[in-house]
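Structure record follows, encoded as structure tokens.
The values are calculated or read from the model by the stated rules, or taken from the named source; none is laboratory data. Small disclaimer: the values here were computed from a predicted structure and weren't measured. In this analysis, Cβ positions are derived from the backbone assuming ideal geometry, glycine residues included, and neighbour counts consider all displayed protein chains. Surface areas here come from the heavy atoms of the whole protein model, side chains and all, with no ligands, DNA or RNA. Shrake-Rupley method; radii C 1.70, N 1.55, O 1.52, S 1.80 Å.
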Amino acid sequence: MTEPLSVSAVLLDLDGTLLDTVPDLHAAASAMLRDLGRPALPLESIRSYVGRGIANLVKRVLAGSLDVADDPSAPPQAALDSFRRHYAFENGRNARSYPGVMEGLDAFKAMGLPLGVITNKAAAFTLPLLELSGLAGYFDVVVSGDLLPKPKPDPMGLIWACGRMAVSPADTLMIGDSIHDFHAGRAAGCHVFLVPYGYNEGLDVRNLDCDAIVPTVENAARRIQHNKMTGQHNPLHTARA
């Protein structure tokens, strides 16, 4: 890209794009495994298991493998309950924003762009995490993984968020860190930027045909401009579910 990309809104993934939440997830997973009388897993294993919601994370932790995510069966209820209980305590305690995140969000806001979060994390954890990390005030729309029938990589959440912000998906930029963000963005008809530092199940996002690989969210802000002709943001169109 040589010319700035003209957009009317920006959607961002949460875990692995805005915040490194693996320390919290690892602490909760380790406590769950202790409850079950099983040995803990290294933090880097948890990092590779993130990306498809808590139920899949629990299944992967129990199996010690990525390969169970496509199994439609639910994880054991006792394990899921244990993880949720521990994660409710650990959520946000050690999560940190990545370099350039706050600067990038400030730059988007300075341009007058409406912003949304699209995450597969349940609302019970998403909203407290945004508050604890100081990010909540930046976002006009928050789409958690249990708000709609289909989470990412389905485009439903992105299209719904664009509707709430009164912008076209074709004039919207999706910024994420994984193949699920890429597919959701492309299926919705959005522009897609990817960061290379997040959670993509051990794969390299640089192999995906996105619009740009950006080293930071701040760098993404430098590559865009606000298309004010098509952006018709209504501040009353706000979702916090």
Subset of the range 204-214 (residues that are in a loop (DSSP other than H, G, I, E, B) and either surrounded by 14 or more Cβ atoms within 10 Å (Cβ to Cβ) or modelled with pLDDT of 90 or more (or both)) | Leu208, Asp209, Cys210, Asp211, Val214
Sort through Gly134, Gly145 and tell me the only one that's at pLDDT below 95, in a loop (DSSP other than H, G, I, E, B), over 17 Å from Pro215 (Cα atoms) and among the small types (Gly, Ala, Ser).
-> Gly145
State which residue pairs qualify: first residue farther than 17 Å from Lys121 by Cα and inside the range 133-144, second residue in a strand (DSSP E or B) and open to solvent by less than 10 Å² (accessible area, probe 1.4 Å) in any location, beta carbons under 8 Å apart, and separation of 6 or more residues or different chains.
-> Tyr138/Leu115; Asp140/Leu115; Asp140/Gly116
Do you know which residues across the range 182-203 are modelled with pLDDT of 85 or more and of a type in the set (A, V, I, L, M, F, W, C)?
-> Phe182, Ala184, Ala187, Ala188, Cys190, Val192, Phe193, Leu194, Val195
In this structure, does Ile118 turn out to be closer than 24 Å to Asn56 by Cβ and either open to solvent by less than 10 Å² (accessible area, probe 1.4 Å) or touching a residue at least 40 places away in the same chain (Cβ under 8 Å) (or both)?
-> yes
Scanning the range 215-230 for residues that are modelled with pLDDT under 95 and in contact with a helix residue (DSSP H, G or I) (Cβ under 7 Å, 6 or more places away or on another chain), which turns out farthest from Pro4 (Cα to Cα)?
-> Thr230
Here is a list of conditions, (1) within 22 Å of Asn200 (Cα to Cα); (2) in a helix (DSSP H, G or I); (3) touching a Pro at 6+ places or on another chain (Cβ under 6 Å); (4) not charged (D, E, K, R), and Leu158 meets all of them except one; can you say which number that is?
-> (3)
List the number of the failed condition for Phe182; all other conditions in (1) more than 18 Å from Arg52 (Cβ to Cβ); (2) without any contact (Cβ under 8 Å) to a residue 40 or more places away in the chain; (3) of a type in the set (Phe, Trp, Tyr) hold.
-> (1)
Verdict on Leu66 being more than 20 Å from Ala221 (Cβ to Cβ), surrounded by fewer than 19 Cβ atoms within 10 Å (Cβ to Cβ), free of Cβ contacts under 8 Å to residues at least 60 places away in the same chain and of a type in the set (A, V, I, L, M) | no
Subset of the range 13-71, residues assigned to a loop (DSSP other than H, G, I, E, B) and of a type in the set (S, T, N, Q), comes to Thr17, Thr21, Ser65
Selection within the range 161-184 - under 15 Å from the mean Cα position of the chain (by Cα), charged (D, E, K, R) and in a helix (DSSP H, G or I) = Asp181
Within the group Ala88, Ala55, which residue is open to solvent by 30 Å² or more (accessible area, probe 1.4 Å) and at pLDDT below 95?
-> Ala55
Quick one: in the range 18-40, of everything that is of a type in the set (A, V, I, L, M, F, W, C) and within 25 Å of Val195 (Cβ to Cβ), which residue is surrounded by the fewest Cβ atoms within 10 Å (Cβ to Cβ)?
-> Ala27
